[in-house]
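The values are calculated or read from the model by the stated rules, or taken from the named source; none is laboratory data. What you are looking at is a predicted structure, and each value in this text was computed from that prediction instead of being measured. Virtual Cβ from ideal backbone geometry, glycine too; neighbours counted across all protein chains shown. To get the accessible areas, we keep the full protein, side chains included, count just its heavy atoms, and leave off ligands, DNA and RNA. Shrake-Rupley method; radii C 1.70, N 1.55, O 1.52, S 1.80 Å.
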Amino acid sequence: MSQREWIEKDFYKELGVSSSASTDEIKKAYRKLARDLHPDANPGDAKAEERFKAVSEAHAVLSDPAKRKEYDETRRLFTAGGYGRGGFTPGAGGGFSQGFDLGDIFGAASGGDGGLGDLFGGLFNRGSTRTSHRPRRGADVETETTLGFREAAQGATVPLRLTSPSPCTTCHGSGAKPGTSPRVCPVCNGAGVVSRNQGAFGFSEPCDECRGTGSIIDNPCVDCHGSGTQNRTRTITVRIPPGVADGQRIRLAGQGEAGLRGAPSGDLYVTVHVGQDKVFGRAGDDLTLVLPVSYSELVLGTTVSVPTLQGRVGVKVPPGTADGRILRVRGRGVSKRGGGAGDLLVTVKVAVPQKLDDEATAALRAYQEAEKASGFDPRAGWAGA
Ligand SMILES: [Zn+2]
Ligand SMILES: [Zn+2]
């Protein structure tokens with residue numbers, strides 16, 4: 001999670017509490033959500049996992065009175081437009097995406113991965129101007145792919161074509177013409193931010209001279225015009241793990257867009273669509289299969305050879321099996337994320353012949369009489385109704 005997202009997040013909304021909630025109320029709300037959303041309770045549910053992380057983050061800030069106070073003050077400044085500078089709106093992107101993120105603005109001196117110390121340290125300017133430039137991480141990329149039913153169940157390696165900015169091959173991402181190099185911005189001394197005072201607070205503001213990048217390119221690379229990135233179509237081969245469900249989103253770290261001027265790449269998210277199968281259906285990790293049987297097979301019992309994803313198995317239909325009964329074949333379902341596999345659920349379904357020859361018809365009539373004589377009444381349960 002980037003620091004920019006931190007400030008855009010409404011931690012109160014995340015926990016479903018009001019902004020005046022007491023610490024106890026916050027803790028209580030968190031405990032309930034954490035229980036409901038815990039990954040152990042929602043195996044394989046990426047949405048629940050994301051929510052769980054968000055809720056944990058919100059709790060980490062709001063349950064600590066000092067952090068909460070800082071968070072509240074920061075948000076108030078932003079929503080009151082205290083940040084100034086021509087209508088910057090967090091999250092609006094637009095003109096703001098010109099080459100810095102909130103990490104830069106706030107002077108994430110340590111270059112660390114988004115603690116509140118980093119986030120607020122620069123904003124409240126605690127006695128020092130310890131700011132340094134941190135390159136902007138590449139954007140995340142979303143794409144989708146469609147797998148066949150069996151591919152999804154068993155895992156597949158698929159090629160994905162992506163068009164996205166990659167590091168420029170001419171300048172290797174520096175943005176400067178080969179043979180030259182960017183010079184340190186004289187206005188901000190490479191920090192990418194300059195200090196400004198407003199009321200009680202000292203603000204770090206993106207440097208105008210270098211647009212927050214900390215460096216000036218006098219001779220831009222002709223191929224990328226100084227951005228350090230080029231649009232390139234690339235094909236990457238992605239391993240989709242077995243057991244992926246229709247609509248599931250898979251994250252591939254570092255496979256997204258290249259960062260500006262050598263910064264880390266973003267992540268790639270692949271939404272997987274799964275096709276249908278003629279024979280099998282899916283119910284979570286279980287495979288489902290309808291097994292057509294004759295009436296006599298149900299009454300007398302039989303063993304039927306049924307297909308699985310790994311060859312055929314014999315399924316025993318016990319004598320006197322009711323139509324619609326589900327027979328379970330253990331371990332012949334879809335591979336699970338943590339090892340093992342679901343089951344194959346075989347539903348027996350009587351197939352009624354549309355036409356019989358004379359001999360079979362005569363035999364069936366004789367059977368019907370014998371069945372009546374034996375006292376079998378299919379509607380015995382309706383007696384008196
Ligand atoms: Zn270039
Ligand atoms: Zn500068």
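Summary table below
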{"quantity": "Selection within the range 141-159 - of a type in the set (Asp, Glu) and surrounded by 16 or more Cβ atoms within 10 Å (Cβ to Cβ)", "calculated": "Glu151"}
{"quantity": "Pairs where the first residue, in the range 253-273, is without any contact (Cβ under 8 Å) to a residue 40 or more places away in the chain and the second is part of a loop (DSSP other than H, G, I, E, B) and surrounded by fewer than 20 Cβ atoms within 10 Å (Cβ to Cβ), C-beta under 9 Å, 6+ apart", "calculated": "Ala253/Asp267; Gly254/Pro264; Gly254/Asp267"}
{"quantity": "Qualifying residue in the range 157-175 (condition: of a type in the set (A, V, I, L, M), within 30 Å of Leu344 (Cα to Cα), touching a Leu at 6+ places or on another chain (Cβ under 6 Å) and away from ligand 1 (no atom under 16 Å from the Cβ))", "calculated": "no"}
{"quantity": "Criterion violated by Gly254 - all others in (1) assigned to a loop (DSSP other than H, G, I, E, B); (2) open to solvent by 50 Å² or more (accessible area, probe 1.4 Å); (3) away from ligand 2 (no atom under 16 Å from the Cβ) satisfied", "calculated": "(2)"}
{"quantity": "Extreme residue, farthest from ligand 2 (Cβ to nearest atom), among residues of the range 211-222 that are open to solvent by 30 Å² or more (accessible area, probe 1.4 Å) and of a type in the set (Val, Ile, Thr)", "calculated": "Val222"}
{"quantity": "Residue list for the range 44-62, restricted to those being in a loop (DSSP other than H, G, I, E, B) and at pLDDT 85 or above", "calculated": "none"}
{"quantity": "Selection count, the range 15-48, where residues are in contact with a Leu (Cβ under 8 Å, 6 or more places away or on another chain) and farther than 16 Å from Ser63 by Cβ", "calculated": "1"}
{"quantity": "Only one of Ser294, Ser335, Ser374 that is polar (S, T, N, Q) and at pLDDT 95 or above", "calculated": "Ser294"}
{"quantity": "Every residue from the range 352-364 that is loosely packed, with under 10 Cβ neighbours inside 10 Å and either aromatic (Phe, Trp, Tyr) or in a helix (DSSP H, G or I) (or both)", "calculated": "Asp358, Glu359"}
{"quantity": "Some residue of the range 75-96 being surrounded by 15 or more Cβ atoms within 10 Å (Cβ to Cβ), modelled with pLDDT of 70 or more and either charged (D, E, K, R) or outside any loop (DSSP other than H, G, I, E, B) (or both)", "calculated": "yes"}
{"quantity": "Residue that is most open to solvent (accessible area, probe 1.4 Å), among those in the range 223-251 that are outside any strand (DSSP E or B), farther than 12 Å from Gly173 by Cα and of a type outside the set (Gly, Ala, Ser)", "calculated": "Asp246"}
{"quantity": "Residue count for the range 171-210, restricted to those that are among the acidic types (Asp, Glu), within 27 Å of Arg76 (Cα to Cα) and either away from ligand 2 (no atom under 15 Å from the Cβ) or open to solvent by 80 Å² or more (accessible area, probe 1.4 Å) (or both)", "calculated": "1"}
{"quantity": "Pairs with Cβ under 6 Å, 6+ apart, first in the range 205-231 and on the phi > 0 side of the Ramachandran plot, second crowded, with 19+ Cβ neighbours inside 10 Å and part of a strand (DSSP E or B)", "calculated": "Gly212/Pro206"}
{"quantity": "Counted residues, the range 258-288 - those being under 17 Å from the mean Cα position of the chain (by Cα) and open to solvent by less than 60 Å² (accessible area, probe 1.4 Å)", "calculated": "8"}
{"quantity": "Boolean, Thr347 is open to solvent by less than 70 Å² (accessible area, probe 1.4 Å), over 16 Å from Val279 (Cα atoms) and hydroxyl-bearing (Ser, Thr, Tyr)", "calculated": "no"}
{"quantity": "Scope the range 365-376; condition part of a loop (DSSP other than H, G, I, E, B) and open to solvent by less than 80 Å² (accessible area, probe 1.4 Å); matching residues", "calculated": "Gly375"}
